[in-house]
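Heads up: the structure comes next, in structure tokens.
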Amino acid sequence: MNPYTTTPYVFGPYEPCPCESGEKYKFCCYVKSNNSSNSKKEYNAKRLYSESHKHFRDTDFKTCFGFDNNCDHGYISSHSLQNNGVLNLIADEGHVYMLDINYREHSLVPILEFRKIGKNQASTFDGFCKYHDEEYFKIIEDVPFEGTDEQNYWFAFRAHCFEAHRKYRLKKSYSSLFKKSPEATKNKQLSNNYRGNELSIIDMEVDYNRFKNIYETREYDKLESFVKVLPFKTAFTLTTAVAICVDIEGNPAADIYNYSESIYPIYLFICNSKRI
């Protein structure tokens with residue numbers, strides 16, 4: 001597979017350059033890529049993928065998804081999972097295993113590998129200040145889980161923020177990669193991934209405003225939720241948000257690959273909780 005386009009432009013010549021320089025693509029990374037000393041053979045697709053993941057690891061950032069600006073208490077690494085709940089149940093001597101992505105030689109297909117990590121570092125993201133983290137999630141951290149609409153809302157919102165932070169971080173990592181390697185903008189797969197992430201961010205921002213409206217009105221039952229109680233223990237846990245593009249029978253439910261203000265993808269938020 002040749003991942004490089006045969007057309008002059010992968011990105012529109014007059015659209016903002018994906019390196020976020022503020023210039024148009026035609027006058028920024030497109031010109032730089034033509035003048036690059038790296039040939040396509042030297043900078044193949046596998047290396048580009050490896051570089052993109054390296055940039056993702058290096059472009060972490062701190063923010064707060066709180067609904068107001070009362071963030072004067074310092075940013076912290078928030079857990080997307082209950083550190084003293086489900087993580088305690090599956091930890092072995094204070095450690096758990098997480099899935100990580102790696103690439104084999106001469107392959108563009110990523111493989112998943114398990115990586116051992118300390119429990120306190122597992123599933124953390126820099127998405128809240130100390131005040132909002134404690135204020136918002138005390139009802140699911142300090143109160144026994146009963147499956148109320150309010151508890152389910154905060155579990156879903158935390159899953160949303162965890163995924164939104166990853167989307168914004170991915171955008172930063174692509175921009176960082178394009179700044180360092182302008183020729184990467186001519187890689188079709190990377191450009192498609194970049195555009196797909198841009199669409200996801202638009203959907204996430206719409207979703208965030210919905211969460212904010214529910215919070216301000218305290219109408220927690222507006223979020224449709226269900227709870228499944230397992231009569232046994234599992235050795236894994238997760239928090240994630242998934243855009244639904246097909247229904248349970250496999251029929252198309254929404255087009256998540258093209259932007260339309262009249263169509264909004266439904267998100268499914270999956271969260272594990274220790275029932276006390």
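Which of the pairs Lys119/Lys171; Lys24/Lys54; Lys26/Lys179; Lys32/Lys186 have their Cα atoms more than 18 Å apart in this structure? From Lys119/Lys171; Lys24/Lys54; Lys26/Lys179; Lys32/Lys186, over 18 Å: Lys119/Lys171; Lys24/Lys54. Looking at region 157-259, the chymotrypsin sites (Phe, Trp or Tyr not before Pro) that sit in a DSSP loop and have at most 13 other Cβ atoms within 10 Å of their own Cβ are Phe226, Phe232, Phe236, Tyr257, Tyr259.
Once the Cα-Cα distance is subtracted from the 0.36 nm per residue extended length, the Arg195 to Val31 segment shows a gain of 57.0 nm. One equal scatterer on each Cα of region 25-271, no solvent, Debye formula: the resulting log10 I(q)/I(0) at q = 0.08, 0.09, 0.17 Å⁻¹ is -0.38, -0.48, -1.46. Other residues with beta-carbon under 13 Å from the beta-carbon of Lys116 carry, at +1 per Lys or Arg and -1 per Asp or Glu, a net charge of -2. Rg and Dmax of region 49-170, both derived from C-alpha coordinates alone, stand at 16.4, 51 Å. Each other residue within a Cβ distance under 12 Å of Tyr30 adds +1 if Lys or Arg and -1 if Asp or Glu, for a net charge of +1.
Distance between the modelled labels on Val206 and Ile244, one decimal in nanometres: 1.5 nm (7 Å Cα→Cβ projection). With the convex hull built on the Cα atoms of region 128-225, state its orientation-averaged projected area in nm². Answer in nm², one decimal: 7.8. Taking each residue as 0.36 nm, the span from Val227 to Leu268 lengthens on full extension beyond its C-alpha to C-alpha distance by 13.5 nm. Modelled spin-label separation between Tyr14 and Ala91, with each label point placed 7 Å from Cα along the Cα-to-Cβ direction: 5.7 nm.
Readers should treat all values here as calculations from the given coordinates under stated rules, not as data from a laboratory. Since the model is a prediction, treat every value here as computed from it, not as a measurement. Methodologically, a virtual Cβ is constructed for each residue, glycine included, from the backbone with ideal geometry; neighbour enumeration extends over all protein chains shown.
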